[in-house]
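Colleague: After the structure tokens below, expect a handful of questions from me.
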Amino acid sequence: MAPVIDVEPVESLDGPFSTEHRVWDLGTTVMTRAVLPPVERRFRHLRKEPLDHWCVVLCDSPEPGERHIGIRSLARQFEMSANDRGVLSLYLPRDLYPAMAGLIDAAEGDLPPTGLTTLLADYLSALERRLPLMSNEEMSTIAGATSTIVAACLAPNADRLEEAAPLTSWTLVERARRAIRDNLGRPDFSPDELCRMIGTSRSRLYRLFEPFGGVTRYMQRQRLRTARQLLTMPNVVIPVARIAEQVGFLDLSSFSRAFRREFNLSPTDMRSAGILGLPIDEPPVALDLNPSADASILMRSLRALRG
């Protein structure tokens, strides 16, 4: 963050003050993730670089699950204090939005939690999770898509909303997936309740999940995959009946039948395969935050942006 934003603790600290930082250069935009220590900090824009990009910031508050989103201009003076746990930033060059500059400048500051700003926050969070899995070609493609959804959310009109519709659908799917993960242990969690949680109709929800075999099938599969992970945890033995309860099954027999249909193994056999070390699960993709090389990468990327 040092090339464009100065960060320092409000009060003197006994030890060093450090942050973790990751940079994704998407060609026409740049996204960064900063993980910060749990102390009160002061942020201010540095004016030594002639950059006038906008920066959309999504901040994680100290309270789990709380966040807020805002937009800043690097060309303008800015200073504030905060104790956010992390900050996701999207840098946008002005020439991406020549006809909207006035509208975006007018929106500068913290954005109110409307449906569109919440949608933008959900999209940025989902994009961050996907970026480590994308190729360079996919990253350059997603940059244009990202500018479209930013325009639709910050300065909406009918044409922009229509153009962003495929991306809003993707974001809605990501919100639905997160809600499903958070409620796997509830046997009564239904598609109707999911619709209410993410604010969409039953018919649209079913259309969105058609590529996954339907929303009910997707919910069942996520329960069973979570059960598989619990069964194959190294050095941890949880009773099968307890695992069935944790993933939302009311009785052990229905869980065992569904599990065998999904994996062609009983829960007990799956546990044995895990003990034997057989390759039954994919390794998770780690997000490796590199605090050393981020400053120069970020500065080169920002200077390369047009505008």
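Colleague: Working only within region 111-131, note down all residues that are open to solvent by 50 Å² or more (accessible area, probe 1.4 Å) and among the charged types (D, E, K, R).
Modeller: Arg129, Arg130 - these are the residues of region 111-131 that are open to solvent by 50 Å² or more (accessible area, probe 1.4 Å) and among the charged types (D, E, K, R).
Colleague: Any idea how many residues of region 207-231 are open to solvent by 80 Å² or more (accessible area, probe 1.4 Å) and either aromatic (Phe, Trp, Tyr) or free of Cβ contacts under 8 Å to residues at least 40 places away in the same chain (or both)? Can you show your working first?
Modeller: Keep residues of region 207-231 that are open to solvent by 80 Å² or more (accessible area, probe 1.4 Å), which gives 207, 210-211, 216-217, 225, 229.
When the remaining residues are screened for being either aromatic (Phe, Trp, Tyr) or free of Cβ contacts under 8 Å to residues at least 40 places away in the same chain (or both), the result is 207, 210-211, 216-217, 225.
Summing the residues that are open to solvent by 80 Å² or more (accessible area, probe 1.4 Å) and either aromatic (Phe, Trp, Tyr) or free of Cβ contacts under 8 Å to residues at least 40 places away in the same chain (or both) in region 207-231 gives 6.
Colleague: Which one is most open to solvent (accessible area, probe 1.4 Å) among residues in region 232-260 that are farther than 20 Å from Arg186 by Cα and under 32 Å from the mean Cα position of the chain (by Cα)? Outline the logic, then answer.
Modeller: Looking only at region 232-260, we keep the residues that are farther than 20 Å from Arg186 by Cα, and these are 232-237, 260.
Keeping just the survivors that are under 32 Å from the mean Cα position of the chain (by Cα) gives 232-237.
On the way: Thr232: 29, Met233: 74, Pro234: 101, Asn235: 164, Val236: 57, Val237: 115 Å².
So the residue we want is Asn235.
Colleague: From the set of residues in region 67-101 that are touching a helix residue (DSSP H, G or I) at 6+ places or on another chain (Cβ under 8 Å) and charged (D, E, K, R), which is modelled with the lowest pLDDT?
Modeller: Applying the filter and picking the extreme gives Arg94.
Results for (1) touching a Cys at 6+ places or on another chain (Cβ under 8 Å); (2) of a type in the set (Ser, Thr, Tyr); (3) on the phi > 0 side of the Ramachandran plot, shown as yes or no for each residue.
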residue: Leu208; (1), (2), (3): no, no, no
residue: Gly213; (1), (2), (3): no, no, yes
residue: Arg217; (1), (2), (3): no, no, no
residue: Gln222; (1), (2), (3): no, no, no
residue: Thr226; (1), (2), (3): no, yes, no
residue: Ile238; (1), (2), (3): no, no, no
residue: Ala244; (1), (2), (3): no, no, no
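Colleague: Something else: From the list Pro113, Pro50, Pro64, pick out the single residue that is under 18 Å from the mean Cα position of the chain (by Cα) and at pLDDT below 75. Talk me through it step by step, then tell me what you get.
Modeller: Values: Pro113 fails: at pLDDT below 75; Pro50 fails: under 18 Å from the mean Cα position of the chain (by Cα).
Of Pro113, Pro50, Pro64, the one residue that is under 18 Å from the mean Cα position of the chain (by Cα) and at pLDDT below 75 is Pro64.
Colleague: Let me ask another. Determine, yes or no, whether Thr168 is modelled with pLDDT of 80 or more and among the β-branched types (Val, Ile, Thr).
Modeller: Working: modelled with pLDDT of 80 or more: no; among the β-branched types (Val, Ile, Thr): yes.
In short, no.
Colleague: If you go through region 279-296 one residue at a time, do you hit one that is more than 26 Å from the chain's Cα centre (by Cα), at pLDDT below 90 and open to solvent by 80 Å² or more (accessible area, probe 1.4 Å)?
Modeller: Yes; the residues of region 279-296 include at least one that is more than 26 Å from the chain's Cα centre (by Cα), at pLDDT below 90 and open to solvent by 80 Å² or more (accessible area, probe 1.4 Å).
Colleague: Still on this structure, please answer the following. Of all residues in region 132-145, which are surrounded by fewer than 12 Cβ atoms within 10 Å (Cβ to Cβ) and of a type outside the set (D, E, K, R)?
Modeller: Taking region 132-145 first, the residues surrounded by fewer than 12 Cβ atoms within 10 Å (Cβ to Cβ) are 133, 135-137.
Result: Leu133, Ser135, Asn136.
The values are calculated or read from the model by the stated rules, or taken from the named source; none is laboratory data. All values reported here derive from a predicted model rather than from experimental measurement. Because the Cβ atoms are built from the backbone with ideal geometry, glycine has one as well, and the counts that use them run over all protein chains shown. When the accessible area is computed, the model is the full protein with side chains, heavy atoms only, and any ligands, DNA or RNA have been set aside. Shrake-Rupley method; radii C 1.70, N 1.55, O 1.52, S 1.80 Å.
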